[in-house]
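Please read the structure below before turning to the comments.
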Amino acid sequence: MLNLVLFGPPGAGKGTQSELIVHKYQLVHLSTGNMLRAEIASGSELGQQVKSLIDQGKLVSDEIVIELIRNHLRESHQAYGFIFDGFPRTVAQAQALDSLMGEQGTSIICMISLVVNEEELIKRLLERGKQKGRSDDNVETIKLRIQEYEDKTLPVATYYREQNKLYEVNGVGSVEEINQRIAEILDSFLAEQEA
Ligand code: B4P
């Protein structure tokens, strides 16, 4: 199975690249950001609980996102592989993901980390704020999200680096160029699996 984590700060292009990768490699896309926004849109109690955290640029609790991932994995266990987008965002989430994968007799093969400078991140997210009106895409919240990323999420890269699973990719350039850089890594894993 081709199970991978797509990693990077807010605005690095995780969502954009995930969409392209799932089609090419027939993977199941699991985005905790999308799951949480769907909860908010549904008006559920959980959605009401997480909305103010997201609007403040804070991370939602590990318990909530791990439970969301567990439920989605249960529903789609027949896949060729999973792409985890925006998850794990803490070391506790990374450890939980390892256990969940282990329960299915599989594991994460790599983390692809999109490297983008802060100026470019802010520019992209402000542009999306204008176009799509996402409530957390304003300058104050973007800065808080980047701070949360540096404080709580960056250690996740170390977690995968220590397992020799971290692959850093330059996330600046056209969407197609970046997709090509990611595809080179994934194709080499596929070639290894087929050998
Ligand atoms: P997410 O939905 O994951 O939001 P994000 O990190 O801001 O990244 P996003 O996927 O939206 O942006 P992308 O990089 O694709 O999370 C939202 C919130 O939910 C979090 O702040 C947190 O509160 C909560 N949450 C989610 N998961 C959680 C977890 N595991 N634990 C706790 N809390 C969690 O790209 C953004 C923009 O860049 C797009 O508009 C795109 O068009 C543009 N772009 C992409 N590639 C480009 C390129 N090459 N050039 C120019 N623009 C590009």
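For the range 150-164, 3J(HN,Hα) computed residue by residue from phi via the Karplus equation (6.51, -1.76, 1.60; θ = phi - 60°) reads 5, 6, 10, 9, 3, x, 5, 5, 4, 4, 7, 4, 5, 9, 6 Hz, glycine and proline entered as x. Between amide H atoms placed 1.01 Å from N, distances below 5 Å from Glu168 occur with Ser113, all of them 5 or more places distant or on a separate chain. Each residue of the range 113-120 was assigned a 3J(HN,Hα) from its phi angle through the Karplus curve 6.51 cos²θ - 1.76 cosθ + 1.60 (θ = phi - 60°); the sequence is 9, 8, 9, 9, 6, 5, 4, 5 Hz, with glycine and proline shown as x. Straight-line cross-link reach from Lys165 at under 18 Å between alpha-carbon atoms covers these lysines, not counting any fewer than eight positions away in the same chain: Lys14. Amide H contacts of Gly81: Leu2, Val28, each under 5 Å away and 5 or more positions distant or on a separate chain (H built 1.01 Å from N in the peptide plane; Pro and chain starts excluded). Phi angles across the range 173-180 convert, under the Karplus curve 6.51 cos²θ - 1.76 cosθ + 1.60 with θ = phi - 60°, into 3J(HN,Hα) values of x, 6, 4, 5, 4, 5, 4, 5 Hz, Gly and Pro given as x. Think of the chain as a dipole: +1 on every Lys or Arg Cβ, -1 on every Asp or Glu Cβ, centred on the Cα centre; then among Val169, Ala79, Ile122, Ile122 lies furthest on the positive end.
The three principal axes of the C-alpha atoms in the chain carry coordinate ranges of 49, 37, 30 Å, sorted with the longest axis first. Once backbone amide H atoms are built at 1.01 Å from N, Val5 has Phe84, Cys110, Met111, Ile112 as its partners under 5 Å, excluding neighbours fewer than 5 places away on the same chain.
Net charge dipole, the range 1-88: roughly 220 debye, given to the nearest 20, about the Cα centre with Cβ charges of +1 for Lys and Arg and -1 for Asp and Glu. Could you state the number of Å between the C-alpha centres of the range 1-70 and the range 167-190? Using only Cα atoms, the two centres lie 21 Å from each other.
Computed about its Cα centre, the charge dipole of the chain is approximately 380 debye, with only Lys, Arg, Asp and Glu carrying charge at their Cβ. Rounded to the nearest 500, the 222 nm mean residue ellipticity of the chain from helices alone is -18500 deg cm²/dmol, with -39,500 (n - 2.57) taken per DSSP H run of at least 4 residues. Length gained on full extension, Ser52 to Ala183: 43.5 nm, using 0.36 nm per residue less the C-alpha separation. Cβ-Cβ distance of Ala191 and Leu100, R₀ of 30 Å, FRET efficiency by 1/(1 + (r/R0)^6): the value works out to about 0.65.
Computed from the coordinates by the stated procedures, all read-outs in this text should not be read as laboratory data. Model, not experiment: these values are computed from the prediction. All Cβ positions, even for glycine, are placed from backbone atoms using ideal geometry, and neighbour counts span all protein chains on display.
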